[in-house]
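Readers should treat all values here as calculations from the given coordinates under stated rules, not as data from a laboratory. Just so you know, these numbers come straight off a predicted model, no measurement behind them. Cβ atoms come from the backbone with ideal geometry, glycine included; neighbour counts cover every protein chain shown.
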Amino acid sequence: MKKYNTVVIDPPWDITFTGKVNRTGKIKEKNRREKLPYKTMTLGEIAIFPMQNFANIGAHVYLWTTNKMLRTAFRVLDKWGIFFHLCMPWVKPSGICPCMGYQFASEFCLLGFYGNPMQKFIGMGKPNWVKAMYGSHSTKPDCFYELVEQMSPAPRIDIFARRKREGWDVWGDEV
């Protein structure tokens with residue numbers, strides 16, 4: 001199987017799960033009424049994803065997550081053997097505003113390295129964030145991929161991709 005120096009992965013997190021811990025310490029499970037437009041994976045399934053089948057030693061691994069799953073995403077990196085490097089926010093000029101509170105106008109991409117030593121960056125001096133409008137559900141902005149292409153070595157793969165991109169391999173149900 002071909003391995004990659006750069007892996008972008010946007011797992012199909014089950015963000016409809018709204019488990020809450022009550023006062024007795026039990027988890028009350030509740031799901032939202034809305035259904036996501038794609039199949040999701042459990043946290044256990046995401047945690048055992050075979051990253052070793054895709055990533056070369058030292059590969060740059062970009063893991064997408066939401067506010068809700070941010071804490072869990074760090075645990076997933078640990079399970080995959082990824083050494084965390086930095087968090088790259090995606091700032092969206094608008095977003096949903098539940099319960100009359102803050103706008104949910106950001107997502108996060110955690111960058112880490114698969115094993116040691118890390119592969120060198122091919123560029124330098126670029127910002128660790130992107131600002132772009134959001135498109136269809138879970139589709140990431142082109143400016144993110146352009147930034148990765150300027151900073152991280154080929155070959156590259158986008159896992160759980162929503163669309164094809166020139167110069168990248170893609171893997172997932174939607175492509």
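With 29 Å as the limit, the listed pairs 3/92; 2/140; 39/120; 120/164 have 3/92; 39/120 beyond it between alpha carbons. The slack in the chain from residue 164 to residue 15, taken as 0.36 nm per residue of separation less the alpha-carbon distance, amounts to 51.2 nm.
Under the simplified labelling scheme, the residue 43-residue 131 pair shows an inter-label distance of 3.4 nm, with each label point 7 Å from Cα along Cα→Cβ.
Sorting 163-171, 145-153, 46-54, 120-128 by average packing, meaning the other beta carbons within 10 Å per residue, from highest down gives 145-153, 46-54, 163-171, 120-128. Our coupling estimate for segment 47-53, obtained by passing each phi through the Karplus curve with A = 6.51, B = -1.76, C = 1.60 and θ = phi - 60°, is 4, 9, 3, x, 3, 4, 7 Hz, Gly and Pro reported as x.
Near the amide H of residue 170, within less than 5 Å, lie the amide hydrogens of 158, all on another chain or at least 5 residues away, with H placed in the peptide plane.
Listed values for segment 155-167 are Karplus-derived 3J(HN,Hα) couplings in whole Hz (6.51 cos²θ - 1.76 cosθ + 1.60, θ = phi - 60°), namely x, 10, 9, 10, 9, 6, 5, 9, 7, 7, 9, 4, x, and x replaces Gly and Pro. Taking a ≥ b ≥ c as the square roots of the eigenvalues of the Cα gyration tensor, segment 50-175 is classed as prolate, since a/c reaches at least 1.5 and a/b is larger than b/c.
In order along segment 78-88, the Karplus-derived 3J(HN,Hα) couplings, from 6.51 cos²θ - 1.76 cosθ + 1.60 at θ = phi - 60°, round to 4, 4, 7, x, 9, 8, 4, 10, 7, 9, 10 Hz, and Gly and Pro are given as x.
Length gained on full extension, residue 146 to residue 71, computed as 0.36 nm times the residue gap minus the Cα-Cα distance: 24.3 nm.
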